[in-house]
Amino acid sequence: MTTRWHSPQFHAYYPTGTSFASIIGGLLGDGLGVVGITWMASPACTELEVVTMNWLGQLLGLPKEFLNCSPGSGGGVIQGSASEATLVCLLAAKDKMIRRLKSLNPDIDEDLTKIKFVAYSSDQSNSSVEKSGLLGSMKMKLLKADPSGRLRGHTLQKAFEEDIANGLIPCYVVANLGTTGTCAFDPLDELGPICQKYNAWLHVDAAYAGAAFICPEYRHLMKGIEYADSFDINAHKWLLVLFDCSTMWVKDGYDLINAFDVQRIYLEDVKAEIKIPDYRHWQMPLGRRFRSLKLWTVMKSYGAEGLRNHIRSQVGLAQHFANLVQADDRFIIEPEPAMGLVCFRLIEGDKITKKLLNNLTEKKKIFMVGASCKGRFIIRMVICSQFTTKEDVEVSWKLIKDETDTLITYEKVHMKSITTMNENIKNINMCEKSK
């Protein structure tokens, strides 16, 4: 059995992209069968990636320092996933911090110093963030988010000060623009200056919600992006591109090259005056597929306005669902809807909310997953399929509402039966005592 990720009633996790344009691009890329280990191995594989990453970076409104077309050493690269991007940047941060400390004191012991490095993120961050600390051998501290799910500057500042006082070294911070559970946005303008002050690398994980920045009305949510050292979104989530295509930008490509540059004679590339990224030094694998081709076909087919319309349409459908939920006083929406996500729960408590989700999952007509907010269990409803319409949203709501009717009726009957049974037991006991 295959779970139908593109069913209009699939509302779990976050979207995964697909489109005819991406399928064609994927077929062409796979059919060509190139392995882009160097520019010479496949010039088009490298050069189209440079072009498409510049296009997308400009479309998102990223500072020019992140673009290959800028005079500096920044640029974009396609990774396999946001998980890879987080780990790659953690390893680069680790290397950069060691180089900085050695420049101040050439006699430091690298091995003993590295074990003092600490990474930080919100306790609302994706599991892949914590995993990057495990894989990169760096202690990852998950700091408590505020009631809105955001990691605040004062919380990070306090953690830095406490760790420095204990002889540790703040090295890497992962900020979230759209947390997995509730799509909360960390304030970069609070976190950025602190990272800059302590020379800690700031990586921005915007895997899902970052795609919305192609719409100017959402760019206020990335205020402070100029403080970031790296930024990543999954084009394969909300931009109609097939998995895998995680687009990552760095402010200084040499930070990656210094960390991952391993030379061999057989990998020598052409010497050119123009700036050509050697992407094998920007990632963990040596080989790379022609992933930029499917990104190119999507961007050329839909254009900026086509992609913006897709984002806006899905946000509008989520708001329509939120309006339906708000009209039913048995439910609470918490927190406020964000992008294509609406989180809700029954006012009667966590137990019945979990039961509602379990019942809906067992019937296999609609698929959602749970999360937590302010210590309460919530159900996440995400607009995932590009084929979802307003009528489909209303079908999903009817499934939820009908199951709620059944569940609450059952609970009332069940409670009444228990009450009656308790009263009967009480009467029997009283009769026994009177004897």
Determine, yes or no, whether L256 is at pLDDT below 95, touching a strand residue (DSSP E or B) at 6+ places or on another chain (Cβ under 7 Å) and more than 20 Å from G340 (Cα to Cα). yes
Restricting attention to segment 155-171, does a residue exist that is of a type in the set (S, T, Y) and closer than 21 Å to L91 by Cα? no
Count of segment 349-396 residues which are buried (at least 17 other Cβ atoms within 10 Å of the Cβ), among the hydroxyl-bearing types (S, T, Y) and over 28 Å from R312 (Cβ atoms): 1
Kindly provide the set of residues from segment 287-332 that are under 17 Å from V393 (Cα atoms), assigned to a helix (DSSP H, G or I) and in contact (Cβ under 8 Å) with a residue 40 or more places away in the chain, ordered by number. H310, I311, R312, Q314, V315, L317, A318, H320, F321, L324, V325
Number of positions in segment 214-227 that are free of Cβ contacts under 8 Å to residues at least 40 places away in the same chain, open to solvent by 50 Å² or more (accessible area, probe 1.4 Å) and under 17 Å from Q196 (Cα atoms): 2
Let me confirm something: among T46, T86, which residue is under 28 Å from R264 (Cβ atoms), crowded, with 19+ Cβ neighbours inside 10 Å, in contact (Cβ under 8 Å) with a residue 60 or more places away in the chain and touching a strand residue (DSSP E or B) at 6+ places or on another chain (Cβ under 7 Å)? T86
Here are some residues: G25, G36. Which one is surrounded by 13 or more Cβ atoms within 10 Å (Cβ to Cβ), at pLDDT 90 or above and not polar (S, T, N, Q)? G25
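Quick one: would you say Y172 is crowded, with 21+ Cβ neighbours inside 10 Å, more than 25 Å from L307 (Cα to Cα) and touching a helix residue (DSSP H, G or I) at 6+ places or on another chain (Cβ under 8 Å)?
Answer is yes for this residue.
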Number of the condition not met by G287 [criteria: (1) surrounded by fewer than 20 Cβ atoms within 10 Å (Cβ to Cβ); (2) modelled with pLDDT of 95 or more]: (2)
Across segment 247-261, what is the total count of residues that are within 15 Å of D232 (Cα to Cα), assigned to a helix (DSSP H, G or I) and over 22 Å from the mean Cα position of the chain (by Cα)? 1
Does V298 count as out of contact with any strand residue (DSSP E or B) (no Cβ under 9 Å at 6 or more places or on another chain) and crowded, with 20+ Cβ neighbours inside 10 Å? yes
Of (1) in contact with a Lys or Arg (Cβ under 9 Å, 6 or more places away or on another chain); (2) farther than 16 Å from Q79 by Cβ, F260 satisfies all except one. Which? (2)
Number of positions in segment 333-348 that are in a loop (DSSP other than H, G, I, E, B) and either buried (at least 18 other Cβ atoms within 10 Å of the Cβ) or touching a strand residue (DSSP E or B) at 6+ places or on another chain (Cβ under 8 Å) (or both): 6
Among G181, G149, G136, which is the only one that is modelled with pLDDT under 95, open to solvent by less than 70 Å² (accessible area, probe 1.4 Å), closer than 25 Å to A259 by Cβ and of a type outside the set (D, E, K, R)? G136
Tell me, which helices (runs of 4 or more DSSP H) lie completely within segment 47-140 with 2 or more residues that are hydroxyl-bearing (S, T, Y)? 82-104, 127-135
Test S127 against the stated conditions and say whether it is closer than 21 Å to V250 by Cα, open to solvent by 30 Å² or more (accessible area, probe 1.4 Å) and of a type in the set (S, T, Y). no
Let me confirm something: among A206, A211, which residue is open to solvent by less than 10 Å² (accessible area, probe 1.4 Å) and in contact (Cβ under 8 Å) with a residue 60 or more places away in the chain? A211
Output the residue which, of all residues in segment 96-124 that are in contact with a helix residue (DSSP H, G or I) (Cβ under 8 Å, 6 or more places away or on another chain) and basic (K, R), is most open to solvent (accessible area, probe 1.4 Å). R99
Any idea how many residues of segment 228-259 are touching a Leu at 6+ places or on another chain (Cβ under 6 Å) and surrounded by fewer than 24 Cβ atoms within 10 Å (Cβ to Cβ)? 1
For the subset of segment 1-22 comprising residues that are of a type in the set (A, V, I, L, M, F, W, C) and at pLDDT below 90, which member is surrounded by the fewest Cβ atoms within 10 Å (Cβ to Cβ)? M1
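The values are calculated or read from the model by the stated rules, or taken from the named source; none is laboratory data. Owing to the predicted nature of the structure, the values given are computational and were not obtained by experimental measurement. In this analysis, Cβ positions are derived from the backbone assuming ideal geometry, glycine residues included, and neighbour counts consider all displayed protein chains. Note: areas computed on protein heavy atoms with side chains; ligands, DNA, RNA excluded. Shrake-Rupley method; radii C 1.70, N 1.55, O 1.52, S 1.80 Å.
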